[in-house]
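Notes follow the structure.
The values are calculated or read from the model by the stated rules, or taken from the named source; none is laboratory data. As the structure is a computational prediction, the values presented were derived from the model and not from experiment. All accessible areas refer to the heavy atoms of the entire protein, side chains included, with ligands and DNA or RNA removed. Shrake-Rupley method; radii C 1.70, N 1.55, O 1.52, S 1.80 Å.
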Amino acid sequence: MEVKNSELTFDWLSVPKGAHVIKSVKTYAQAKDFYLNEDRTIVDQTCMYEVYMVPAKPGSGHLNCGITILYPLLVAGECNMTRGHFHQDLNCEEYYRCQSGQGLLMLMDEKGTCWCERMQSGSLHHIDGHWAHRVINTGSEPLRFEAYWPSDSGHDYDRVKKHPFPVRVFKEHDIISFKSVTGGVQ
Ligand SMILES: O=P(O)(O)OC[C@H]1O[C@](O)(CO)[C@@H](O)[C@@H]1O
């Protein structure tokens, strides 16, 4: 019996390591449109979040794995967040697991009903394939969460653009508030 070491490692509070890991960075210049208002005090090169991903082969039955590190930034008072998306294939569900930090997983079903789950160290989140999902950092340290999703799920950003999440999250003097928004924003 041959016993091999895995080609990949993924230590707690670390990032996946191995030959095929891909790192991507979302800068403020790329993310500006996500937020309700522009914040001219944030420079374009600022890293809003970064993703380390172990890509799987495309096609049915394969799984991607990744971690997102979402920085504790405020954009004109709005808590930093991921872009948010539906899957292109609505049969594809996903798991998020929070490693550290404090935040909210904002979910929205196809009728536009929106709600949040609290994210904190060890929280595990099942995301139905029919739900749009976005993560919001409400804390004061980086929010780190793992994601596991089918490699053929796809990201449908247009759908969220046409039917935006109806609520935004703001923070002032450590107090979190929710603001309802209507059309016109992503
Ligand atoms: O592409 P978005 O909506 O910014 O979300 C980023 C996160 O979602 C994933 O696409 C997984 O759903 C990861 O790559 C990353 O964790």
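As a test of the formula, what do you get for the chain when each DSSP H run with n ≥ 4 contributes -39,500 (n - 2.57) and the sum is divided by the residue count, at 222 nm and rounded to the nearest 500 deg cm²/dmol? The partial results should precede the final answer.
Working: 2 runs with 10 residues, N = 186.
Helix contribution divided over all residues of the chain: -1000 deg cm²/dmol.
Keeping the other protein chains in place, figure out the carbon and sulfur percent of the accessible area of the chain, with a 1.4 Å probe. It would help to have the intermediate numbers written out before the result.
Working: 5070 of 10150 Å².
Carbon and sulfur together cover 50 percent of it.
Note the per residue figure in Å³ for the convex hull of the C-alpha positions in the stretch 62-135.
With only Cα atoms used, the stretch 62-135 gives 100 Å³ per residue.
Give me the accessible area per residue for the stretch 22-166, probe 1.4 Å, as a whole number in Å².
On the way: 6740 Å² over 145 residues.
In whole numbers, the stretch 22-166 has 46 Å² accessible per residue.
Any idea of T41's accessible area? Nearest 10 Å², probe 1.4 Å.
Near enough 120 Å² of accessible area.
What span do the alpha-carbon atoms of the stretch 22-166 cover on each of the three principal axes, reported in whole Å from largest to smallest?
Cα spread of the stretch 22-166 along its principal axes, largest to smallest: 44, 31, 26 Å.
Treating only the Cα positions of the stretch 1-72 as identical point scatterers, give the base-10 log of I(q)/I(0) from the Debye formula at each q in 0.15, 0.16 Å⁻¹.
Summing over Cα pairs of the stretch 1-72 leads to -0.67, -0.72.
Averaging over all projection directions, find the projected area of the Cα convex hull of the stretch 144-186 and quote it in nm² with one decimal place.
On the way: hull surface 18.7 nm².
Mean orientational projected area (the stretch 144-186, Cα hull): 4.7 nm².
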